[in-house]
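Taking it in order: structure first as structure tokens, then the write-up.
The values are calculated or read from the model by the stated rules, or taken from the named source; none is laboratory data. Since this is a predicted model, take the numbers as computed values, not measurements. Every residue, glycine among them, receives a Cβ derived from its backbone with ideal geometry; neighbour counts consider all protein chains shown.
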Amino acid sequence: MEQHTYSLKRTEGTTGVSDYREDRDVLIAKRKTNLNRSPQSSAAGLRYRKMGLVFSKSDSVIPEAGQEVPAPAPSFTKISESVYELYADENPNVEIVFFHGLQFTVEDLKDAYWRSFTYKNGVGCWPMSLLPESLAKKGNRARVLTVCYDTSATKHQKKGRIDIYNLADQLVESLITSSRSTAYIGQRGVPVILVGHSLGGILIKQVVAHVDVEARLKLKHPRHKMLQKFLGNLKGVFYMSTPHHRSQIARWESMFPEKSVKKAPVLGLLEVLSKDTSRLNKVMFLLMKKHDIKMAQVNETEKTNLGYFNEIVVKDPPDGMFSDPFIPVPDNHITICRPESSESVTFKHLLTFIENILAEQAALQKKLEIFRNSSKTPQ
């Protein structure tokens, strides 16, 4: 398995503050140059990059000299082309999988599986360190993974062409059943928690629906037990600004006025009254009841400035499925999955959600053990 390392650029033998300040000043100068380019001379690609995760004004916060910078975790493991292991305890009691959201350029797709979940200042990757460390304070041991997939908003020669059904099929194999991947999510007998940002939340629904169908169709297939185990161990889904019913970002024309830019198939899921989205909501709602899958969600309350677009991307959900529990947080669509620290609202809700599920499962296991012991015949 392949090891990847990311670290902050610093000079040996120093605190790194002055060196980081120099890098900061250079970066700010470059950004000012880009922002001052005239619309006529700027390429479309530059405008789209400014709309993506890296160049968003709201979340590209550069720390001042002396400000504490969360250090990125030293490495993560590439399990397959679609799955990366960010953190792995030797004996985990929970598996957590992150699904990133829509990306506006092919450039953004490359590292979206971890860059989508950096700290608010753009440094580090909090699911690799902050989350497992926080869970460990109560004795919990996490295995944390993230998924890499094509959610390009624009259609290109090789990207932005896949639909959500094929995407779910690929991820079910990569995450659960593929011997080449060795991810084997849901096979350890511990709770599984899925975390989805934006479109990633919709993809989670399709993956769960796909597993349910495959598990019933392949009753005699060797992989049937693996799919059933996954469903049996799936205990929670946490949504971060997932457009269950609609998204303002589907107003394509206001964001991409160039007629040459084509929509990717996945963008249709974000449109108001989408039949596919409505179907997925109904299926997921039934599966949550059938398998006792808990849900929590946080939604943005601030506007997201993407250049042509400056609105709240996912507004308050209407009455009906996935409208409750609904927790508003003081973030925009991008920063909602980028906490500043363990005190950030979204992170605290996610941590509490996971800890409550683990405490409930531990209590249930204890009751089962007491029942088994009491039912044993005395020697």
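Within segment 322-352, track down each residue that is of a type in the set (A, V, I, L, M) and buried (at least 23 other Cβ atoms within 10 Å of the Cβ). Steps first, please.
Of segment 322-352, the ones of a type in the set (A, V, I, L, M) are 327, 329, 334, 336, 345, 350-351.
Matches in segment 322-352: 334, 336, 350.
Select from segment 190-203 the residues that are at pLDDT below 95 and among the small types (Gly, Ala, Ser) and write down the one among them that is nearest to residue 337 (Cα to Cα).
198
Checking residue 79 against (1) at pLDDT below 95; (2) closer than 27 Å to residue 243 by Cα; (3) over 13 Å from the mean Cα position of the chain (by Cα), which test does it fail?
All conditions pass for residue 79, except number (2).
Tell me, which residue of segment 85-110 that is assigned to a loop (DSSP other than H, G, I, E, B), crowded, with 18+ Cβ neighbours inside 10 Å and modelled with pLDDT under 95 is farthest from the chain's Cα centre (by Cα)? Talk me through it step by step, then tell me what you get.
Restricting attention to segment 85-110, the residues satisfying the condition of being assigned to a loop (DSSP other than H, G, I, E, B) are 89-93, 100-102, 104-105, 110.
Then keep just the ones that are crowded, with 18+ Cβ neighbours inside 10 Å; that gives 92-93, 100-102, 104-105.
Remaining after also requiring modelled with pLDDT under 95: 100-102, 104-105.
Working: 100: 4, 101: 7, 102: 10, 104: 16, 105: 17 Å.
Among those that are assigned to a loop (DSSP other than H, G, I, E, B), crowded, with 18+ Cβ neighbours inside 10 Å and modelled with pLDDT under 95, it is 105.
Can you find a residue in segment 141-164 that is crowded, with 23+ Cβ neighbours inside 10 Å, modelled with pLDDT of 85 or more, hydroxyl-bearing (Ser, Thr, Tyr) and under 30 Å from residue 365 (Cβ atoms)?
Within segment 141-164, one or more residues are crowded, with 23+ Cβ neighbours inside 10 Å, modelled with pLDDT of 85 or more, hydroxyl-bearing (Ser, Thr, Tyr) and under 30 Å from residue 365 (Cβ atoms).
Return the pair list, or none, for Cβ contacts closer than 6 Å from residues in segment 281-299 that are closer than 18 Å to residue 191 by Cβ to residues that are of a type in the set (Val, Ile, Thr), at least 6 apart or on different chains.
The qualifying pairs are 287/208; 295/237.
Is it the case that segment 204-216 has a residue that's at pLDDT 90 or above, surrounded by 20 or more Cβ atoms within 10 Å (Cβ to Cβ) and outside any helix (DSSP H, G or I)?
Taking every residue of segment 204-216 in turn, none turns out to be at pLDDT 90 or above, surrounded by 20 or more Cβ atoms within 10 Å (Cβ to Cβ) and outside any helix (DSSP H, G or I).
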